[in-house]
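Novice: What follows is a single structure, and I will ask about it in a moment.
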Amino acid sequence: MTDRTVVQTRSLAPVASAVGSWQLGWRAVGIIAALSVVGLHAYFQRSEGSGWHLAYVWTATLFTAFAVLALTRRLLVSAVFVTLLVTILVHAAAAKHKAMNMSVHAYDLVFYLSSASTLSFLWASYRAELLQLMAALAAFGLALVLAYAIDATRTRRSVAVALMLLFAVLTGASAVMKGERRNTQQYWEDLVVSTFYSSVPEAVETLWKGQLFEAADAAPGPLFTIPSGCPATRKPPHIILIHQESVVPPEYFPTVAYDRRIDHIFRSGDGTLRKLRVETYGGASWLTEFSVLAGVSTYSFGGMRPFVQSLMAGRVHDTLPEALARCGYRNTVIYPLSQNFVSNGPFYKAAGIPEIFDKTTMGARSGNERDHFYFGHALNLLSEQIRTSEAPLFTYIITMAAHGPYLKPYQPEVDVPGGGPGTHPEMNEYLRRLSMSRLDLDEFKRQLASRFPGEPILLVQYGDHQPIATRHYLGFGAVDSAEDVALGHDSPGFLTFYSVEGINFDVPRLPDVPVLDVPYLSTVVLQSAGLPLSDSYLERRRLLDQCRGRYNGCSDPGTMLKFHRRLLDSGLVDAR
């Protein structure tokens, strides 16, 4: 040993002595671990549900704790890790809810750190929150280092591994017993820890695949290009696209008696009822909105599909609004709720709709006004556009009157027909609301024709999903939640409608297919308006014919996966 080594050893001796004097034995560490369990249990009981939900969050937390214990052999480190993990998750979820109305997902770390532009956006828009998170993570790391240094306990690794494996099995069992995570759970302000735990397998699967979007490894054919202009041969029509919330033609249910005057509101200008297959039942309208505007299926995102709007905002291109903007359209959306609801506002803007008229902007008294309230705003918007500009208007209207629940009458003072004798009470109330929708839509069409006689207008409607009131006629009358209605992709519970009508101009022939899958609707809108189709929409039109209106259900699934590969390789979808 050299003199220098002796000097260094002596200089470190006070540090080692100080650390040693602060080391904690089994009694102190046991008390700290017990306090951690008490604190976590108090929070879990208050905010993480009960029954199998509570069992799931506890088994997953203990699995994590024993995994850390197996790695470090230190009980204090394990207790500090899970306590601080839950604490950071809860506060991060609160901050994300405030900013984006969403909870924390395990893929967030990859998603937000994988792009310089995303980091730049966070730094510019949420700098305080980002700095707080960085400080919390730094404190987390320092706390673990300190706990590691002062923990004098040592656990046999074989015991820790055995407990870890036991709780891995218990976590899996409790996950099965509690059931799948709700589509809307990511937007709740409670269950944030169990929501995060449930998202871990999805994040791992996505990382394993290397991308969010299902696609073939390779695909023949040239890359898709986006045209710089729009060589339209005639004056483009104004386009009104109506997202009819929770609307399905009641004639799909032959045993239901109702006022047949409703039927005509579901027909296109040629008098034909056209079926639309959507990808959600009873709720999660944003899934249908995404497919309509982006022209791709939410099923293609696997387990990440409930978050597709927030994940893909700014990452999907040549959308329906962007195609319209190339043709000079002013793009607007009339939205019944706050534009930040389920991150819709950022997605609309990124997809090419910069003007959002939401509940606050319109001065709505509630989030579910009668349809004529939103139609009135659309009429005023169209009038203003014609008066001040030569550009055509695209307005996307989301209605809300037909939205559930159906346990009490909507506007009971309005005397309209419901269902006939023997109709389930919820269906009866739903039919009342359809009767109101009929009155409002008929008046809207009359106003469009009378107020704008020289303006070509394309009116397209679609039902975003069936109302939960139909569950009684689909064989699920015993359940209360839409997400407990287990349907196969080809179930009649996914069928709604779409209609296309020209006002002051003739609509080209519509696709002759038994059912149209919702991702093709954007192609139908562009073609019905007589607008030129870009490469990707020409391919969608070809696939529509080849697959007879099916998207995921195409008889040759590889065809659609190759289309997806071309979208990825062309930069029209960025799903890494």
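Novice: For the stretch 503-518, enumerate the residues that are part of a strand (DSSP E or B) and over 9 Å from residue 274 (Cα atoms).
Specialist: Residues satisfying the conditions are 503, 517.
Novice: I've got another one for you. Tell me, which residue of the stretch 129-150 that is under 18 Å from residue 76 (Cα atoms) and not hydrophobic (A, V, I, L, M, F, W, C) is surrounded by the most Cβ atoms within 10 Å (Cβ to Cβ)?
Specialist: Among those residues, the one meeting the criterion is 148.
Novice: Additional query: So which of 544, 531, 516, 487 is within 30 Å of residue 445 (Cβ to Cβ), out of contact with any Lys or Arg (no Cβ under 8 Å at 6 or more places or on another chain) and in contact (Cβ under 8 Å) with a residue 60 or more places away in the chain?
Specialist: 531
Novice: Would you point out which residue out of 525, 500 is of a type in the set (A, V, I, L, M, F, W, C), closer than 27 Å to residue 318 by Cβ, touching a strand residue (DSSP E or B) at 6+ places or on another chain (Cβ under 8 Å) and not in a helix (DSSP H, G or I)?
Specialist: None of the other options fit; the residue is 500.
Novice: Among (1) touching a Pro at 6+ places or on another chain (Cβ under 9 Å); (2) touching a residue at least 12 places away in the same chain (Cβ under 8 Å), where does residue 373 come up short?
Specialist: (2)
Novice: Additional query: Restricting the stretch 505-552 to residues that are within 23 Å of residue 491 (Cβ to Cβ) and among the basic types (Lys, Arg), which is farthest from the chain's Cα centre (by Cα)?
Specialist: Among them, the one singled out is 548.
Every number in this text was worked out from the coordinates using simple rules, so none of it is lab data. Just so it is clear, the structure is predicted and the values come from calculations on it, not from any experiment. As a convention, Cβ positions derive from the backbone with ideal geometry for all residues, glycine included, and neighbour counts pool all protein chains shown.
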